[in-house]
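Single-structure report; data block below.
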Amino acid sequence: MKSLKNYTVQNNNGEDFIFHDFQADKNLLVIFFRGAWCNHCKKQLQDLQKNISEIEKFNVNIIAISSDSKMNSSILKTFLKLSFPVLSDSDCKIINDYNLKASHKGKEVSKPAVYIYNKKHEEIFNIIGDTYDDRLSAEALIKTINNLSL
């Protein structure tokens, strides 16, 4: 069982965002997505936001990560009215740590992926999309989380 590394990245406001601090005493859902330009990604993030109250019933915090710049991550978060952090991993450090690096039109991006960690920072679920549009819906994620008995 893998443990969540305690990454520190700059959030969209230039402040340190520390994974374990954000997770606190909750479970953590980490969504890797290709970028703000990806319609499949935007639909997935909007779907998560629409169902966030149901997800939060399981004591789960959400983080979304892409290789977008901080500015593009911030614009996406604002445009989609997302209440969860949308983080920039523009140097692909985290994406590489997860072996999720892919390429799209010469740009390094992340494969679509979902990781769930329990309160002890232990990975209890993951799924990596085989293609750009291979991703879990919020409904499927909620069922998965429920089956994990979080």
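The values are calculated or read from the model by the stated rules, or taken from the named source; none is laboratory data. Only a predicted model underlies this, so the values are computations on that prediction, with no experimental measurement involved. As a convention, Cβ positions derive from the backbone with ideal geometry for all residues, glycine included, and neighbour counts pool all protein chains shown. All accessible areas refer to the heavy atoms of the entire protein, side chains included, with ligands and DNA or RNA removed. Shrake-Rupley method; radii C 1.70, N 1.55, O 1.52, S 1.80 Å.
Starting from segment 124-150, keep only residues that are closer than 15 Å to HIS40 by Cα and touching a residue at least 60 places away in the same chain (Cβ under 8 Å), then list their pairs with residues that are among the basic types (Lys, Arg) and crowded, with 16+ Cβ neighbours inside 10 Å whose Cβ atoms are within a distance under 7 Å, requiring at least 6 positions of separation or different chains.
TYR132/ARG34
Condition check ((1) crowded, with 21+ Cβ neighbours inside 10 Å; (2) farther than 15 Å from SER69 by Cα) across all residues:
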site: LYS2; (1), (2): no, yes
site: ASP21; (1), (2): no, yes
site: VAL30; (1), (2): yes, yes
site: TRP37; (1), (2): no, no
site: HIS40; (1), (2): no, yes
site: GLN46; (1), (2): no, yes
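Among the strands (runs of 3 or more DSSP E) contained in segment 1-46, which hold 1 or more residues that are polar (S, T, N, Q)?
Numbers: elements: 8-10, 16-18, 27-32.
By residue number, 8-10, 27-32.
For TYR7, which of the numbered conditions (1) closer than 27 Å to LYS107 by Cβ; (2) touching a helix residue (DSSP H, G or I) at 6+ places or on another chain (Cβ under 6 Å); (3) among the aromatic types (Phe, Trp, Tyr); (4) open to solvent by 30 Å² or more (accessible area, probe 1.4 Å) fails to hold?
The one condition TYR7 does not meet is (4).
For segment 140-149, which positions are part of a loop (DSSP other than H, G, I, E, B) and open to solvent by 60 Å² or more (accessible area, probe 1.4 Å)? Spell out the reasoning first.
Step one: of segment 140-149, the residues part of a loop (DSSP other than H, G, I, E, B) are 148-149.
Result: SER149, single match.
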